[in-house]
Amino acid sequence: VQYFLLVLLACPSPLSSPPPSALHTCQGLAPCLPEEGQVNISGPRLLLATLHSAPGSSTAMDRIFSALLLSLLLLLQSYGVCGAPPQPRGTLCRTKPTDLVFVIDSSRSVRPHEFEKVKVFMSRVIEGLDVGPNSTRVGVINYASAVKNEFSLKTYQNKAGLLQAVQRIEPLSTGTMTGLAIQFAISRAFSDSEGARVRSPNFNKVAIVVTDGRPQDGVQDVSARARAAGIEIFAIGVGRVDMHTLRQIASEPLDDHVDYVESYSVIEKLTHKFQEAFCVVSDLCATGDHDCEQICISTPGAYKCACKEGFTLNNDGKTCSACSGGSGSALDLVFLIDGSKSVRPENFELVKKFINQIVDSLEVSDKQAQVGLVQYSSSVRQEFPLGQFKNKKDIKAAVKKMAYMEKGTMTGQALKYLIDSSFSIINGARPGVPKVGIVFTDGRSQDYITDAAKKAKDLGFRMFAVGVGNAVEDELREIASEPVAEHYFYTADFRTISKIGKKLQMKICI
């Protein structure tokens, strides 16, 4: 018990009121590190020093026990002495310069131990900020029946001073004049004389209002004036708070600016939200917080999309197409996919990925690319006709759902279906739009293909033939358009068809 008490003492609870020199210890997610010029004797070093000085520590049993406890404590410290994994901070995220004022309800309904929880919440939010005269400034308004300016935006210019000042705040324990507190924020806390900066797009003005009850004065009009003055207001309600009041206080959108917790004991769970709210990501591409299809290029606090060589950026500024924009990219494309039993289920899934790889290169719409899909084995089945799906997402979802037929290989019958049905107006084909067929097979056809293959090309269809495994190359050449070398592809292994897909992406556009 003595030894474990020493472990706890090495990392004090944030709810306690440590002396200023110890405020660095275990604040939020930060590891327990000493301030500059201090010696860190917490954690394993403190325990080890205590064990060496403990009475009877020279006995063999104590030494063994001490070694085991030290090993355990070292393991715990690898996950953070405070019981949470160490978090890398500041690598991809910086906080935008902000004038931040906390407006804290300390009316009599807020008990002293609950008010301590509010102070912990404020401290955790402050820890995630870049505090300084040219970055983020923080002030605190404490209110009940009256308003007390605990400290102004200009009072503290470093994080350590702010954290110590927060620890010293005491509850007022009277009424609940929330409107009066917000008015004080407008006229005093966010004034030039108190350190607020001139309104500018380069930094934010933010107020975080925390309350647990119904105000004894009006908040709607004064909150509207605050918002009109450029102050972004977050409203946090606790326990039996009046939710209508929170909505009157908060900025739009309300879903982002109104929060509720059932008790002060869990208010700390909002810390992460506010750390993110003040965060400006300097490299959105690195964090994956973008929707570029191929290449993301970071700019300070923003990004733009680009495409790989041979592709062009579509009008949406996000997706890429091997076809250039405009009417030149109009295309009716139909896949004829071999679903015979020789393909095998696992390879059929690779074929689906191959189809979707091609679809990714198209700009799909009513006026540009349309895609149809036919599967064949001993019979022919249209999976979906041209134009049924108006965007890539829906096409790819339908491809993934396609069931494997698992019978014979009637390639000639499939080619005839392509001519008679797939490229007909009744099945979505558009007059005057280029027609492209991609035939995929893994074996010799069980029927005659020559006449249908010739007719498809005579009708002006541009035919690509892709063969895998036991596919017959003479048949592939017979299907392929001229010049044949550019329109037929073969690989022995299904796992390499994605390489063919890359070549096809560049060739299918007119």
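Say we look at segment 268-284 and pick out the residues that are open to solvent by 70 Å² or more (accessible area, probe 1.4 Å) and not basic (K, R); which of these is farthest from V206 (Cα to Cα)?
From segment 268-284, those open to solvent by 70 Å² or more (accessible area, probe 1.4 Å) are 269, 272, 276; that's our starting set.
Subset that is not basic (K, R): 272, 276.
On the way: H272: 16, E276: 14 Å.
The residue in question is H272.
Among V484, V472, V433, V468, which is the only one that is of a type in the set (V, I, T) and without any contact (Cβ under 8 Å) to a residue 12 or more places away in the chain? I'd like the intermediate steps shown before the answer.
Details: V472 fails: without any contact (Cβ under 8 Å) to a residue 12 or more places away in the chain; V433 fails: without any contact (Cβ under 8 Å) to a residue 12 or more places away in the chain; V468 fails: without any contact (Cβ under 8 Å) to a residue 12 or more places away in the chain.
That would be V484, the only listed residue that is of a type in the set (V, I, T) and without any contact (Cβ under 8 Å) to a residue 12 or more places away in the chain.
Could you give every pair whose Cβ atoms fall below 8 Å, whose first residue belongs to segment 137-154 and is hydroxyl-bearing (S, T, Y), and whose second residue is open to solvent by 40 Å² or more (accessible area, probe 1.4 Å) and part of a loop (DSSP other than H, G, I, E, B), counting only separations of at least 6 or pairs across chains?
Correct list of pairs: Y143/L172; Y143/M177; S145/L172; S145/T174; S145/M177; S145/Q216.
Across segment 96-138, which residue is farthest from L246 (Cα to Cα) among those that are open to solvent by 10 Å² or more (accessible area, probe 1.4 Å) and touching a helix residue (DSSP H, G or I) at 6+ places or on another chain (Cβ under 6 Å)?
Of everything passing the filter in segment 96-138, V131 is farthest from L246 (Cα to Cα).
Restricting to segment 356-366, give me the number of residues that are open to solvent by less than 30 Å² (accessible area, probe 1.4 Å) and of a type in the set (S, T, Y). Break it down stepwise before answering.
Step one: of segment 356-366, the residues open to solvent by less than 30 Å² (accessible area, probe 1.4 Å) are 356, 358-359, 361-364.
Subsequent filtering for residues that are of a type in the set (S, T, Y) retains 361.
So the count comes out to 1.
Among the residues of segment 78-134, count how many are more than 24 Å from the chain's Cα centre (by Cα), at pLDDT 50 or above and not aliphatic (A, V, I, L, M). Talk me through it step by step, then tell me what you get.
Narrowing segment 78-134 to residues more than 24 Å from the chain's Cα centre (by Cα): 78-83, 99-123, 131-134.
Now restrict to residues that are at pLDDT 50 or above: 99-123, 131-134.
Applying the additional criterion that residues be not aliphatic (A, V, I, L, M) yields 99, 102, 105-109, 111-117, 119, 121, 123, 132-134.
Within segment 78-134, residues that are more than 24 Å from the chain's Cα centre (by Cα), at pLDDT 50 or above and not aliphatic (A, V, I, L, M) number 20.
Which of the residues spanning segment 328-355 are open to solvent by less than 10 Å² (accessible area, probe 1.4 Å) and among the polar types (S, T, N, Q)?
From segment 328-355, those open to solvent by less than 10 Å² (accessible area, probe 1.4 Å) are 329, 331-340, 343, 348, 351, 354-355; that's our starting set.
S329, S340, listed by residue number.
Which numbered condition in (1) surrounded by fewer than 20 Cβ atoms within 10 Å (Cβ to Cβ); (2) part of a loop (DSSP other than H, G, I, E, B); (3) out of contact with any helix residue (DSSP H, G or I) (no Cβ under 8 Å at 6 or more places or on another chain) is the only one that T496 fails?
Of the numbered conditions (1) surrounded by fewer than 20 Cβ atoms within 10 Å (Cβ to Cβ); (2) part of a loop (DSSP other than H, G, I, E, B); (3) out of contact with any helix residue (DSSP H, G or I) (no Cβ under 8 Å at 6 or more places or on another chain), the odd one out for T496 is (2).
The values are calculated or read from the model by the stated rules, or taken from the named source; none is laboratory data. Quick caveat: nothing in here was measured; it's all calculated off a predicted structure. So basically every Cβ, Gly included, is an ideal-geometry build from the backbone, and we count neighbours across all protein chains shown. With ligands, DNA and RNA removed, areas are computed over all heavy atoms of the protein, side chains included. Shrake-Rupley method; radii C 1.70, N 1.55, O 1.52, S 1.80 Å.
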